[in-house]
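Engineer: Please find one structure pasted underneath; my questions will follow.
Coordinate-derived values only; no laboratory data. The structure displayed is predicted, hence computed values, not measured ones. No Cβ is skipped: glycine too gets one built from the backbone with ideal geometry, and neighbour counts run over all protein chains shown.
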Amino acid sequence: MNPVSHFVLYVSDQARSAAFYAAALGYGPRLDVPGMTEFELPGGGILGLMPKANAQRLLGSGVDLTGPDLPRAELYLQMADAEAAHARALAAGAKELSPWLPRDWGHAAAYSLDPDGHVLAFARPLGEAASSRPRAVVAAWVEAFNRADVAALSAMYHEDAINHQVAESPVEGRVAIQAMFEREFAAAEMVCVVENLFEDGEWAILEWRDPLGLRGCGFFRVVEGRIAFQRGYWDKLSFLRQQGLPIPRD
């Protein structure tokens, strides 16, 4: 992979803007098709010109490109760990505009707004999808779990994901899942030691133990690089005793 970063301007008239930059740069575009014109920039990188209407369709209702404070530009970064970079951005406070999806120009990409309202995209070629495979996603999940990194963990779930630990009631939605992790890490010191991690289609199967001797297993359905459904099996009574937590009497 030889990634090239893009700086994309949202323009009112693509042909007019293309003619302007061709004149200003002194050379023609490397790409000029409906919806995108691209110029190679001195020193590296690509300048893209995208019609506002196309950008609005791409970004959806999370941003209004007709308003007075509209974003007028986009930073499009190709990275080997693009999925993880998007998750880090969300954990740091970015607002997701469009989730991780295959795009019709040959990349998988996700879009967000940075704290100042600039559009930020992370992308990689569709053929380089190893880090979005279920096994890789769950391996990253284990690393975040062992750091007690609630923000990173919750960013790995779809907005409408379900986390069902069979000893508890199902938890529905990314916001509720984040709140669950916050409560659990505040109450107990939890560590996941991987015994086995397998992948089958959209599913990853995790067999785990902790340093105190508790064992369990988890099943993760991963869709487009994020967890859509999770189910875990472990002994709640043993966990409460090991952690010195109150044991329900009912």
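Engineer: Based on the alpha-carbon gyration tensor of region 78-160 and its eigenvalue square roots a ≥ b ≥ c, which shape applies: rounded if a/c is under 1.5, prolate if not and a/b is larger than b/c, or oblate?
Structural biologist: oblate
Engineer: Show me, bin by bin at 10 Å from 0, the whole-percent P(r) of the chain based on Cα pairs.
Structural biologist: 7, 27, 28, 18, 12, 6, 2, 0
Engineer: Can you say what percent of the DSSP beta bridges in region 58-202, counting only those with both residues inside, are antiparallel? Round to 5.
Structural biologist: For region 58-202, the DSSP antiparallel bridge percentage is about 75.
Engineer: At a 10 Å Cβ-Cβ cut-off, how would you order 77, 212, fewest neighbours first?
Structural biologist: Taking fewest neighbouring Cβ atoms as first place, the list is 212, 77.
Engineer: Considering only DSSP beta bridges where both residues belong to the chain, give the percentage that are antiparallel (nearest 5).
Structural biologist: Expressed as a percentage, antiparallel bridges in the chain total about 75.
Engineer: Please report 209, 147, 249 as a ranked list, fewest other C-beta atoms within 10 angstrom at the top and most at the bottom.
Structural biologist: 249, 147, 209
Engineer: Given springs between every Cα pair under 10 Å in a Gaussian network model of the chain, which of 194, 222, 137 has the largest fluctuation?
Structural biologist: The residue with the greatest mean-square fluctuation here is 194.
Engineer: Shape verdict for region 170-249, please, from the Cα gyration tensor: rounded (a/c under 1.5), prolate (a/b greater than b/c) or oblate.
Structural biologist: Taking the square roots of the gyration eigenvalues as a ≥ b ≥ c, region 170-249 is oblate.
Engineer: Now for a separate question. How many times 2.2 N^0.38 Å is the alpha carbon radius of gyration of region 109-250?
Structural biologist: Expressed relative to 2.2 N^0.38 Å, the Cα Rg reads 1.13.
Engineer: If we count other beta carbons within 10 Å of each Cβ, what is the order of 63, 223, 175, fewest first?
Structural biologist: 175, 223, 63
Engineer: Additional query: Normalised by the residues of region 183-250, what does the relative contact order come to in percent, with Cα pairs under 8 Å and at least six apart?
Structural biologist: In percent, rounded to a whole number, it is 21.
Engineer: If you place +1 on the Cβ of every Lys and Arg, -1 on the Cβ of every Asp and Glu, and leave all else neutral, what size is the dipole of the chain about its Cα centre, to the nearest 20 Debye?
Structural biologist: 60
Engineer: Do the sum for the chain: with -39,500 (n - 2.57) for every DSSP H run of n ≥ 4, divided by all residues, what is the mean residue ellipticity at 222 nm, to the nearest 500 deg cm²/dmol?
Structural biologist: Estimated from H runs of four or more residues: -8500 deg cm²/dmol.
Engineer: When the chain is treated as a GNM, springs tying every alpha-carbon pair under 10 Å, which of 17, 112, 132 comes out with the largest mean-square fluctuation?
Structural biologist: Checking each option, the largest mean-square fluctuation is seen for 17.
Engineer: To continue, here is another question. Pick from 11, 33, 119: which is most flexible by mean-square fluctuation in a GNM of the chain where alpha carbon atoms under 10 Å apart are linked?
Structural biologist: So, out of 11, 33, 119, the one fluctuating most is 33.
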